[in-house]
């Protein structure tokens, strides 16, 4: 294992921060927040009436980008956590497999490999 120098405790600290930030992002981009934006526009009557429609179109346009970002964060978190566990278990080959599967999951949103083969229980 001379090629790898991983501090598992440090990795876990980073994963914890990323998980918290990711949860905050999910909350910030939730439907309740968007509804609050729309209700805040009621004051303008016809002046602001087109804004909710424009926001809806913007969110529809950006949904693919947001999904890609969320998948990338989740995939990286799972890949790093599983690779670190593999490292701790002396499974050097699995480190690369988890990194590769994380990259694939970030691209296509398919996390089934981690469900079936993940080391996190």
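Values as computed for the structure displayed
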| read-out | value |
| --- | --- |
| Inter-residue pairs, beta-carbon under 6 Å, first without any contact (Cβ under 8 Å) to a residue 40 or more places away in the chain and in segment 44-62, second surrounded by 11 or more Cβ atoms within 10 Å (Cβ to Cβ) and in a helix (DSSP H, G or I), 6+ apart | 52/38 |
| Lone unmet requirement of (1) modelled with pLDDT under 90; (2) under 15 Å from the mean Cα position of the chain (by Cα) for residue 120 | (2) |
| Selection count, segment 46-78, where residues are more than 30 Å from residue 101 (Cα to Cα) and surrounded by fewer than 16 Cβ atoms within 10 Å (Cβ to Cβ) | 12 |
| Enumeration of residues in segment 109-121 that are exposed (fewer than 12 other Cβ atoms within 10 Å of the Cβ) and either in contact with a helix residue (DSSP H, G or I) (Cβ under 8 Å, 6 or more places away or on another chain) or not in a helix (DSSP H, G or I) (or both) | 120, 121 |
| First in segment 86-114 and touching a residue at least 24 places away in the same chain (Cβ under 8 Å), second anywhere and surrounded by fewer than 12 Cβ atoms within 10 Å (Cβ to Cβ) and not in a helix (DSSP H, G or I), Cβ under 9 Å, 6 or more apart | 87/1; 87/4; 90/1; 92/1; 92/3; 92/4; 95/4; 114/120 |
| Check on residue 33, touching a helix residue (DSSP H, G or I) at 6+ places or on another chain (Cβ under 9 Å), surrounded by 10 or more Cβ atoms within 10 Å (Cβ to Cβ) and modelled with pLDDT under 75 | yes |
| Residue within segment 8-21 that is modelled with pLDDT of 70 or more, assigned to a helix (DSSP H, G or I) and on the phi > 0 side of the Ramachandran plot present | no |
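The values are calculated or read from the model by the stated rules, or taken from the named source; none is laboratory data. Bear in mind the structure is a predicted one, so any value in this text is a computation, not a measurement. Quick reminder, even Gly has a Cβ in these numbers, built from the backbone with ideal geometry, and neighbours come from all protein chains shown.
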